[in-house]
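S.K.: Here it is, the structure, as structure tokens.
The values are calculated or read from the model by the stated rules, or taken from the named source; none is laboratory data. Since the model is a prediction, treat every value here as computed from it, not as a measurement. All Cβ positions, even for glycine, are placed from backbone atoms using ideal geometry, and neighbour counts span all protein chains on display.
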Amino acid sequence: MNLNSRIPEGPLAEKWEKHKFNVKLVNPANKRKFDIIVVGTGLAGASAAASLAELGYNVKVFTFHDSPRRAHSIAAQGGINAAKNYQNDGDSVYRLFYDTVKGGDYRSREANVYRLAQVSVNIIDQCVAQGVPFAREYGGLLDNRSFGGAQVSRTFYAKGQTGQQLLLGAYSALSRQVATGKVKLYTRTEMLDLVLVDGQARGIITRNLITGKIERHAGHAVLLCTGGYGNVFYLSTNAMASNATAAWRAHRKGALFANPCFTQIHPTCIPVSGTYQSKLTLMSESLRNDGRVWVPKSLEDAARIRKGEIKPTDLPEEARDYYLERRYPSFGNLVPRDVASRNAKYVCDEGRGVGGTGLAVYLDFADAIRRDGRNTIEARYGNLFEMYEKITGDDPYTTPMMIYPAVHYTMGGLWVDYNLMTNIPGLYALGEANFSDHGANRLGASALMQGLADGYFVIPYTLGDYIASLPFQKVDASHPAFDEAEKGVKDTINKLMSIKGKRTVDDFHRELGNIMWEYCGMARNAEGLQKAIGLIQQLRADFWKDVNVGGNVDELNMSLEKANRVADFLELGELMCRDALHREESCGGHFRDEYQTPEGEALRNDEEFTYVAAWQYTGANAEPQLHKEPLQFDNVKLTQRSYK
Amino acid sequence: MNLTLNVWRQKGPHDKGGFVKYEMTDINHHMSFLEMMDVLNEQLVKKGEEPVHFDHDCREGICGSCAMHIDGRPHGPMQGTATCQLHMRVFKDGDTITVEPWRAKAFPVIKDLVVDRSAFDRIIQAGGYVSVNTGGVPDANEIPVPKKIADEAFNAATCISCGACVAACKNASAMLFVAAKVSQLALLPQGKVERKNRVEKMVAQMDAEGFGNCTNTQACSVECPKEISQDFIAMMNREYITAKFTSDNV
Ligand SMILES: Cc1cc2nc3c(=O)[nH]c(=O)nc-3n(C[C@H](O)[C@H](O)[C@H](O)COP(=O)(O)OP(=O)(O)OC[C@H]3O[C@@H](n4cnc5c(N)ncnc54)[C@H](O)[C@@H]3O)c2cc1C
Ligand code: FES
């Protein structure tokens, strides 16, 4: 298979402008002859659906949520990056591009990242025009903060609710188009398969989650804006219903899945407290600006703390190990996410972890409170401290917070070209669902930027290039390809319902999560990954023999919804392990024990692995086939990331 | 701790529904309320019974999905807290807890604790936006907005659309929800152009959906998990009256 990334010729800074000029246009009067299917109403889906409808396309938009506004994007706290340089602190499109490529450990495409940085400035304009209430300074202009270790202040935010405010902006634009009739909205409707006619994406099969009715929808193009797959780990910071089914079913139909093992583990989350736990809560990264991370120096002190014999505040300064400050004197507590996460794991593996489970480290504000006063700290983090106290019952003003890393974001996703089209003509992937811009590690405040860039400012241009090549015919949903896909969906559902085994869907999901976290989590090695592949295959076989779904097919049945999703996670998990196994290097969020520098830092192998690994599905129990898209760096020099 | 749950079970929109008692043992006080419900559901599925259906997603109090009426209060006993943020430590060993869906004509029950809140989406579709297309907008810093105004607009915009305001109101009024959106956009310069038209259309849609009238009992603000202020209702009333007297509709 030839993976053509369609990166335009010419100097980096001119590629997008040139490309916009060169892509084919669809005449305004003709746009209404084309039906576009958008799956997902998060930042990527809502912005794409609204923008395409404004241009005149007929859009059908789908979400399994009860309202488009409830997509997982709503939960983003920290902020969104843009190279506005409003602070006059030396930011530029080039710097944002450079930081993002470096942050991604040189495993992303230069051209895509540059375009992202270019359109970032338009996003902020658009959101403000929609009435998004970003934080402002007393002079009335927009406020910025520095985020995720960036050396410039380029992050726009709306208190701790940036995701909600951006999503509400996109949702309002979408609602306006629903009112005009250009968008038809399907809520509580889940896509369960992609339909290909003559090798091109021509529709989807959905299940109405209230009535259980299986339906078909035809269109000239299908856009998957269905989010990430972090929930393969069972516990993550993702919303409970986030899942990989849309992307995975497209993968089964031939769409390549790129870099599946690139997952991001966020260092500051509230630790797990028991097996009943359903999800993990992120504590904003901004806390590391003032909080100091430590564990006890000695194993004995750690054990006494775990047993509750002493309190952390009892431990004198010299008995504490501020391990990030010790190992990384220049970045200290502000090292990137992957580095901070891995180091927390190391100290806990040594037995120096705290909390009931020993899987937690302290994030201590005592010094900051002494230095700046309680009021200042309260003004900065008051709402976060409150949230922490609500969940844990502890007061972070008087006792250090406890944190531990948790799965947060997936950089991998469906392979797409510069136009955001997958290798299946007419099938596109936007937002977290694609693999495109973050390489092996995503920087803070960059996912919101990418989702909105894809939806507002990339797809409206690039979709036309494909659509313009199509005839004006309506796509016919009675084509045998629809019959076949619909039958496949029904067969899977009937099979799930008929097993009537003994284990609940959650039980399987939890076990898969444990395997993934243990062997394909913060640090991986060949032996563990091989073991995990075997365990997952066995678990998958058990699932299809012993799962207990219950309820009926023709009504609201949340166990059935979940069973469909977990069935796909059980395949995706294996692919992630295979990808992690094949990538014999460490880069960004992918850390292989075998490949580290003498100081224990990630050791890339640029000679052999400067490529995108795009996997082709060959059958549920067959080995996938690897395709490589070489990455070419003409503008930045590949260096070892150093935060010492 | 051990608890007795009294949970509303209703098979579908046309079923009459009723309370079912469940005895819960060994509930950890660190659990969230929804995790406690998960435990119940796993037990039910293992027994071959149907789990209690309820909406939830983010479990961080921001998506607005969760919606349980707990012991007579939307989202339960804690102020400023959505159901998903409620933790079992606020309950005592031996408590009996009653769990019901939102009760309002405009929010019909779909199943168990799941209700249909699409009326809220239709109210937004009626006018809860600024009519700008993608592209061709001015630079974000071209129009300064006083910080006080921006903060006030933000406070209105924190609404998560959960519907607790409607569930709390004896008239099942949606005034707080509508007022929050109307106020957010009326405060900001970007939204001022369409303010009259917007408030008229949104209020008309609210009435058409069958929500009740506001009689100023203020239960909505008290129960709102985002503690959205009652003042926005006053602001909306002013917007509405101004619109009626000086309508742009010619
Ligand atoms: C707690 C948290 C905080 C974060 N904070 C930040 C931050 O501060 N800054 C930042 O840049 N990023 C942040 N991120 C990351 C960012 O929020 C996400 O990557 C981004 O919002 C994803 O947007 P999306 O549009 O791609 O997908 P989503 O928002 O996940 O939307 C997916 C949509 O697809 C629909 N869908 C999925 N599958 C189907 C199907 N089969 N059928 C029908 N519909 C389907 C869903 O209903 C939903 O509407 C954060 C993430 C988390 C978890
Ligand atoms: S589950 Fe999202 S607000 Fe409660």
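S.K.: More than 20 Å from A:Ala179 (Cα to Cα) and near ligand 1 (Cβ under 6 Å from one of its atoms) - does that describe any residue in segment A:61-70?
M.R.: Checked against the condition, which is being more than 20 Å from A:Ala179 (Cα to Cα) and near ligand 1 (Cβ under 6 Å from one of its atoms), segment A:61-70 yields at least one hit.
S.K.: Of the conditions (1) away from chain B (no Cβ under 12 Å); (2) surrounded by fewer than 23 Cβ atoms within 10 Å (Cβ to Cβ), A:Arg154 satisfies every one except a single condition; which number is it?
M.R.: The one condition A:Arg154 does not meet is (2).
S.K.: Criterion first (free of Cβ contacts under 8 Å to residues at least 60 places away in the same chain, among the aliphatic types (A, V, I, L, M) and farther than 28 Å from B:Asp71 by Cβ) does B:Ile149 satisfy it?
M.R.: Against the criterion (free of Cβ contacts under 8 Å to residues at least 60 places away in the same chain, among the aliphatic types (A, V, I, L, M) and farther than 28 Å from B:Asp71 by Cβ), B:Ile149 qualifies.
S.K.: Of the conditions (1) modelled with pLDDT of 95 or more; (2) within 12 Å of ligand 2 (Cβ to nearest atom), B:His53 clears all except one; give me its number.
M.R.: Condition not satisfied by B:His53: (2).
S.K.: Any chance you could count how many residues in segment B:75-101 are away from ligand 1 (no atom under 16 Å from the Cβ), assigned to a loop (DSSP other than H, G, I, E, B) and touching a Pro at 6+ places or on another chain (Cβ under 7 Å)?
M.R.: Matching residues across segment B:75-101 total 3.
S.K.: Show the residue pairs meeting these rules: Cβ distance below 7 Å; 6+ apart or different chains; first residue within segment A:237-254 and at pLDDT 95 or above; second residue of a type in the set (Val, Ile, Thr) and near ligand 1 (Cβ under 7 Å from one of its atoms).
M.R.: That search, which allows pairs on different chains as well, returns A:Ala246/A:Val39; A:Ala246/A:Thr226; A:Ala247/A:Thr226.
S.K.: Exactly one condition in (1) in contact (Cβ under 8 Å) with a residue 40 or more places away in the chain; (2) more than 9 Å from ligand 1 (Cβ to nearest atom); (3) farther than 24 Å from B:His53 by Cα; (4) more than 19 Å from the chain's Cα centre (by Cα) is not met by A:Ile204; state its number.
M.R.: A:Ile204 satisfies every listed condition except (2).
S.K.: If B:Val109 passes every condition in (1) within 15 Å of B:Met31 (Cβ to Cβ); (2) within 13 Å of chain A (Cβ to nearest Cβ); (3) within 17 Å of the chain's Cα centre (by Cα) but one, which one does it miss?
M.R.: It is condition (1) that B:Val109 fails.
S.K.: Just one of (1) more than 15 Å from ligand 1 (Cβ to nearest atom); (2) of a type in the set (Gly, Ala, Ser); (3) in contact with a helix residue (DSSP H, G or I) (Cβ under 8 Å, 6 or more places away or on another chain) trips up A:Ala477, so point out which.
M.R.: The number of the failed condition is (3).
S.K.: Any idea which of A:Val132, A:Val178 is within 26 Å of A:Thr63 (Cα to Cα), among the aliphatic types (A, V, I, L, M), free of Cβ contacts under 8 Å to residues at least 60 places away in the same chain and surrounded by fewer than 24 Cβ atoms within 10 Å (Cβ to Cβ)?
M.R.: Result of the check over A:Val132, A:Val178: A:Val178.
S.K.: Taking only segment B:49-74 into account, find how many residues are over 24 Å from A:Ile210 (Cα atoms), part of a loop (DSSP other than H, G, I, E, B) and more than 16 Å from ligand 1 (Cβ to nearest atom).
M.R.: Qualifying residue count, segment B:49-74: 2.
S.K.: Additional query: Test each condition in (1) crowded, with 21+ Cβ neighbours inside 10 Å; (2) among the aliphatic types (A, V, I, L, M); (3) assigned to a loop (DSSP other than H, G, I, E, B) for A:Ile210 and report the one that comes out false.
M.R.: Among (1) crowded, with 21+ Cβ neighbours inside 10 Å; (2) among the aliphatic types (A, V, I, L, M); (3) assigned to a loop (DSSP other than H, G, I, E, B), the lone unmet condition for A:Ile210 is (1).
S.K.: Continuing with the same structure: Given segment A:275-392, what helices (runs of 4 or more DSSP H) lie entirely inside it while holding 2 or more residues that are touching a residue at least 40 places away in the same chain (Cβ under 8 Å)?
M.R.: It comes to A:299-306, A:337-349, A:366-372, A:374-392.
S.K.: Checking A:His220 against (1) more than 14 Å from ligand 1 (Cβ to nearest atom); (2) crowded, with 24+ Cβ neighbours inside 10 Å; (3) within 14 Å of chain B (Cβ to nearest Cβ); (4) not β-branched (Val, Ile, Thr), only one condition comes out false. Which one?
M.R.: That leaves (3) as the condition not met.
S.K.: If you don't mind, there's one more thing I want to ask. How many of the residues making up segment B:29-47 are more than 7 Å from every other protein chain (Cβ to nearest Cβ) and either among the polar types (S, T, N, Q) or assigned to a loop (DSSP other than H, G, I, E, B) (or both)?
M.R.: 5
S.K.: I'd like to verify a number: residues in segment B:122-150 that are more than 16 Å from B:Val203 (Cα to Cα), more than 7 Å from every other protein chain (Cβ to nearest Cβ) and β-branched (Val, Ile, Thr), how many?
M.R.: Of the residues in segment B:122-150, 2 are more than 16 Å from B:Val203 (Cα to Cα), more than 7 Å from every other protein chain (Cβ to nearest Cβ) and β-branched (Val, Ile, Thr).
S.K.: Regarding segment A:122-145, can at least one residue be identified that is more than 14 Å from chain B (Cβ to nearest Cβ) and modelled with pLDDT under 95?
M.R.: Yes, that holds for at least one residue.
S.K.: A further question follows. Please work out if A:Met402 is within 16 Å of ligand 1 (Cβ to nearest atom) and within 29 Å of A:Lys644 (Cβ to Cβ).
M.R.: no
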